[in-house]
Amino acid sequence: MGSVETRPGVSSPEPHDKMVLGQNSYKKNLMGLSPDQLEDALRQCGIKEKQLRMRRSQIWNALYARGATGLQDIVTLSKDLRARLAKDFTIDRPEISQELISGDGTRKWLLKLAPEREGENAPEIETVYIPEETRGTLCISSQIGCTLNCSFCHTGTQKLVRNLTAEEIVGQIMLARDQIGDWPNQEADNSEGLPEAERKITNIVLMGMGEPLYNLENLKTAMAIAYDSAGLGYSKRRITLSTSGVVPMIGKAGADMGVMLAISLHAVHDELRDELVPINKKYPLKQLMQACRDYPGLNNSRRITFEYVMLKGVNDSLTDARGLVKLLKGIPAKINLIPFNPWPGNHYECSDWAQIEKFADFINDAGYASPIRRPRGRDIMAACGQLKSQSEKIRASERRKAKNAQ
């Protein structure tokens, strides 16, 4: 594997509308608003009712099809209107604290977000871009930290700080496209954005930090922008939501969003899954499998992906493989076998490669596709299960002290 490239303090293209704190309030970010919310924001800015829909469309197109990074870039608006909007609004991306580039081309960004209130430290999240020969996958986060405490996952060792806003979820996609040059040439007359065949980011997976179904409302707003044909323009089949098994929300997510579903499974009986994925104690396998069978739109062309991390001597026997086939009977499914990616302080080992291949052969012979996911970005802690920022939830007493000091 090649060397790791570290770029501390790399920032996105020079922001034009800094989030200036004044009178204990920030400028409102237009990015991540639904169409109705965007119209409301423009209405508050004094734009006349008869112009609202046209102005909304101009801003929407400039943001999501053209990749505008500052309000003055929206040349379809007059200079006076752009100046007026800039007094109250911004379209800033998250700030990059650090960029790491793996020897295999994987890129990980540590992103600094705006604090929720004055006196708090800026929280951080991680976002990963994985380039491959036939596609490029962007792995985005939905929460700062996590509550699930899955025993094999590094993110689970970080306390939950808060949910990400729709703006912060969309912002990860926007920033990644900025950084890898995934927007149309600004001189090109292409108001519909970059054609799908030319995109570097072809797939979006909600497999970063956090449990997406614990932040469903913000996620719905963000993904509506992602799959809007006039927005970022991704097919719903190119967006995958991964859950550890929040059973009551699975059907709702399918009905409301219609994206692809992945289940973080990792065990075929409740006793072991209780240990590996503690949410199983609340929603055991029988309930989870029924929710999968009931997932809206499920068929052989819209299969559920089951993620299965390979842990040596824990869940990698042929007995486990037989149990997996039995568990998934009747569910259109693909099983992603994930070699365990080590992280500091863990006590698990990755299964031997020969054992992983035996496991995969058994699953394949039973009629299920079971690709072995090639580890990417291990050298920069960007592989599956390795993400963890340094954000920690600030105690109320610390917030009070910081506020009093100011």
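Taken together, the values in this text are just the output of simple stated rules run on the coordinates, not laboratory data. Just so it is clear, the structure is predicted and the values come from calculations on it, not from any experiment. As a convention, Cβ positions derive from the backbone with ideal geometry for all residues, glycine included, and neighbour counts pool all protein chains shown.
Amide H contacts under 5 Å for Ile96: Ser12, Lys112, restricted to partners 5 or more places along the chain or on a different chain, H placed in the peptide plane at 1.01 Å from N.
Here the Karplus curve 6.51 cos²θ - 1.76 cosθ + 1.60, taken at θ = phi - 60°, turns the phi angles of region 262-277 into couplings of 10, 10, 7, 8, 6, 7, 10, 9, 4, 4, 6, 5, 4, 7, 7, 10 Hz, with x standing for Gly and Pro.
Where the only charges are on Cβ atoms (+1 Lys, Arg; -1 Asp, Glu), what is the dipole of region 18-91 about its Cα centre, to the nearest 20 debye?
So the dipole magnitude of region 18-91 works out to roughly 180 debye.
Checking the Cα-Cα distances for Lys236/Lys334; Lys236/Lys281; Lys220/Lys326; Lys159/Lys312; Lys200/Lys236; Lys50/Lys79 against a 23 Å cut-off, the pairs over it are Lys236/Lys281; Lys220/Lys326; Lys159/Lys312.
Shown is the FRET efficiency for Lys281 and Asp36, computed with R0 = 35 Å from the Cβ-Cβ distance and rounded to the nearest 0.05: 0.30. Histogrammed with a bin width of 5 Å, the alpha carbon distances of region 49-116 distribute as 3, 14, 18, 18, 14, 12, 10, 6, 4, 1, 0 percent, first bin at zero.
Pairs of Cα atoms nearer than 8 Å and 6+ residues apart set the relative contact order; for region 126-169 it is 31 percent.
If you wrap a convex hull around the C-alpha atoms of region 95-380 and split its volume per residue, what is the figure in Å³?
It comes to 143 Å³ per residue, whole-number rounded.
3J(HN,Hα) couplings calculated from phi for region 195-204 with the Karplus curve 6.51 cos²θ - 1.76 cosθ + 1.60 (θ = phi - 60°) are, in sequence order, x, 4, 5, 9, 6, 8, 8, 9, 10, 10 Hz; Gly and Pro show x. If only the Cβ of Lys and Arg carry +1 and only the Cβ of Asp and Glu carry -1, the dipole of region 95-380 around its Cα centre is close to 1040 debye. Using every pair of distinct Cα positions in region 18-91, the Kirkwood expression returns a hydrodynamic radius of 12.5 angstrom. The calculated FRET efficiency for Asp365 paired with Gln98, based on their beta-carbon distance and R0 = 35 Å, is about 0.20.
For Ala122 and Arg374 in the same chain, what is the full-extension length gain: residue separation times 0.36 nm, less their Cα-Cα distance, in nm?
87.3 nm
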